[in-house]
Ligand code: CA
């Protein structure tokens, strides 16, 4: 296939811009870039990129507003580039509709893995086959959505209804960070108490049933202060 995927990079720091565009071009992606929000938004609308890498600290507009703006008309995957120690900002970005974030400084393998995951999830969502997706599979864990059966290494694991709801929501969004608020709203509804104590209790139970070693989870990872991320579905 010689159709190269295009990535739009919106970032005002020249060094990071150079590093990322060199990396992406070496991986055979087409790269366009903008060093402020206004030209980024105009390129996003005119260029039809396959994915956007967005720095939140731009000179002319808050990056969160850039996400809101794009989400008014497009579901294009957005990966936020964030500086360290900005948990609040990452949560806001995810809740505004960003697909993922990567924290500076980051290495090439991490960046490429995030991009591949976001592009793959987007392709899956766009394909009509997505609705018939009946199975999640990773490292010996299988979730059969049609039969509501979860097995680890072939052994059936029993979950409460709430636990199953949490687990399946994370697995539908495998690879992506789901914020505590998003998860709470999905499981308990929009009027639920956003105190995440009950979520933590349920997560502890899920892990005890699922993980071989709860101190070193291999299926569901905690992104401290932000939310949870489930390991990629190998079945796709
Ligand atoms: Ca910046």
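Are any residues in the range 58-87 surrounded by fewer than 20 Cβ atoms within 10 Å (Cβ to Cβ), more than 14 Å from the ligand (Cβ to nearest atom) and over 22 Å from residue 170 (Cβ atoms), and if so, which ones?
Initially, the range 58-87 is screened for residues surrounded by fewer than 20 Cβ atoms within 10 Å (Cβ to Cβ), giving 59-62, 64-65, 68-69, 71-76, 83-87.
Now restrict to residues that are more than 14 Å from the ligand (Cβ to nearest atom): 65, 68-69, 71-76, 85, 87.
65, 68, 69, 72, 73, 74, 76, 85 - these are the residues of the range 58-87 that are surrounded by fewer than 20 Cβ atoms within 10 Å (Cβ to Cβ), more than 14 Å from the ligand (Cβ to nearest atom) and over 22 Å from residue 170 (Cβ atoms).
Do you know which residues across the range 160-181 are crowded, with 18+ Cβ neighbours inside 10 Å and not in a helix (DSSP H, G or I)? 173, 174, 175, 176, 177, 178, 179 - these are the residues of the range 160-181 that are crowded, with 18+ Cβ neighbours inside 10 Å and not in a helix (DSSP H, G or I).
Would you confirm, using the coordinates I've provided, whether residue 199 is assigned to a helix (DSSP H, G or I), in contact with a helix residue (DSSP H, G or I) (Cβ under 9 Å, 6 or more places away or on another chain) and in contact (Cβ under 8 Å) with a residue 40 or more places away in the chain?
Considered against the rule, which asks whether it is assigned to a helix (DSSP H, G or I), in contact with a helix residue (DSSP H, G or I) (Cβ under 9 Å, 6 or more places away or on another chain) and in contact (Cβ under 8 Å) with a residue 40 or more places away in the chain, residue 199 comes out as no.
Criterion first (within 16 Å of the ligand (Cβ to nearest atom), over 19 Å from residue 67 (Cβ atoms) and either in contact with a helix residue (DSSP H, G or I) (Cβ under 7 Å, 6 or more places away or on another chain) or free of Cβ contacts under 8 Å to residues at least 24 places away in the same chain (or both)) does residue 19 satisfy it?
On the way: within 16 Å of the ligand (Cβ to nearest atom): yes; over 19 Å from residue 67 (Cβ atoms): yes; either in contact with a helix residue (DSSP H, G or I) (Cβ under 7 Å, 6 or more places away or on another chain) or free of Cβ contacts under 8 Å to residues at least 24 places away in the same chain (or both): yes.
Criteria met by residue 19.
The lone criterion from (1) at pLDDT 95 or above; (2) within 12 Å of the ligand (Cβ to nearest atom); (3) out of contact with any helix residue (DSSP H, G or I) (no Cβ under 6 Å at 6 or more places or on another chain) left unmet by residue 13 is number (1). Given the criteria in contact with a strand residue (DSSP E or B) (Cβ under 7 Å, 6 or more places away or on another chain) and modelled with pLDDT under 95, does residue 52 qualify? No; evaluated as a whole, the condition is false for this residue.
Go over the candidates 55, 50 one by one and state the one that is crowded, with 18+ Cβ neighbours inside 10 Å, within 15 Å of the ligand (Cβ to nearest atom), closer than 23 Å to residue 110 by Cα and within 21 Å of the chain's Cα centre (by Cα). Reasoning before the result, please.
Details: 50 fails: within 15 Å of the ligand (Cβ to nearest atom).
The unique qualifying residue is 55.
If you filter the range 26-41 down to residues that are in contact with a strand residue (DSSP E or B) (Cβ under 6 Å, 6 or more places away or on another chain) and over 17 Å from residue 63 (Cα atoms), you find that the one that is surrounded by the fewest Cβ atoms within 10 Å (Cβ to Cβ) is 30.
Contact map, the range 33-53: residues that are farther than 18 Å from residue 20 by Cα paired with residues that are assigned to a helix (DSSP H, G or I), Cβ distance under 8 Å, separation 6+ or inter-chain. Pairs shown: 41/66; 41/69; 41/70.
The values are calculated or read from the model by the stated rules, or taken from the named source; none is laboratory data. The model shown is predicted, which means the values in this text are computed figures rather than measured ones. Every residue, glycine as well, gets a Cβ built from its backbone with ideal geometry; the counts of neighbours run over all protein chains shown.
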